[in-house]
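One structure is given here, and the rest of the page talks about it.
The values are calculated or read from the model by the stated rules, or taken from the named source; none is laboratory data. Since this is a predicted model, take the numbers as computed values, not measurements. Positions of Cβ are generated from backbone atoms using ideal geometry, with glycine treated the same way; all protein chains shown enter the neighbour counts. Calculation scope for accessible area: heavy atoms of the full protein, side chains included, ligands and nucleic acids excluded. Shrake-Rupley method; radii C 1.70, N 1.55, O 1.52, S 1.80 Å.
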Amino acid sequence: LMEHIVMTKHASVRKQQRGISESVLDCLLEFGKASHDNRGGEIFYFDKRAKQRCQAVMGKEMYRRLDGHFDVYAVRSLDGALVTVGHRHKRRHT
């Protein structure tokens, strides 16, 4: 999907600590819903549509294996680098 994700050191540490897989992250950046964080960055997260598009691309089997891992978010700064990734605990109201 994505050729290479530019990540800050912080983001890659968080990604590993939180066990967020490359394929989920790829999907998130490719299909995730983006909203502004009001600090010049963008927050990506999965809404229903993003999950559906993800499933269409990776197929039911792979999707089922990753189901339960879509509760993630990523913050991308203005220069396009991921600054942090994590798990969503509360719904974002947009």
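Can you pick out the pairs among Lys9/Lys51; Lys33/Lys60; Lys9/Lys48 whose Cα atoms lie more than 25 Å from each other? Those over the limit are Lys9/Lys51; Lys9/Lys48. Applying 1/(1 + (r/R0)^6) with R0 = 22 Å to the Cβ-Cβ distance of Ser35 and His10 gives a FRET efficiency near 0.60. Relative contact order, whole percent, for the chain stands at 34, derived from Cα pairs under 8 Å and 6 or more residues apart.
With springs only between Cα atoms under 10 Å, which of Val72, Val13, Val24 fluctuates most in a Gaussian network model of the chain? Of Val72, Val13, Val24, the Gaussian network model singles out Val13 as fluctuating most.
Entry comment: accessible area of the chain is 66 Å² per residue, from protein heavy atoms only and a probe of 1.4 Å.
Our helix-only sum for the chain, with -39,500 (n - 2.57) per DSSP H run of n ≥ 4 divided by its residues, gives a mean residue ellipticity at 222 nm of -11000 deg cm²/dmol. Computed from backbone phi with θ = phi - 60° and the Karplus coefficients 6.51, -1.76 and 1.60, the 3J(HN,Hα) list for the stretch 34-48 is 10, 9, 6, 8, 6, 10, x, x, 10, 9, 9, 8, 8, 9, 4 Hz; x is used for glycine and proline. Taking only protein heavy atoms and a 1.4 Å probe, the accessible area of the chain is 49% carbon and sulfur. Charge dipole of the chain (Cα centre as origin; +1 on each Lys and Arg Cβ, -1 on each Asp and Glu Cβ, all else neutral): 460 debye, rounded to the nearest 20.
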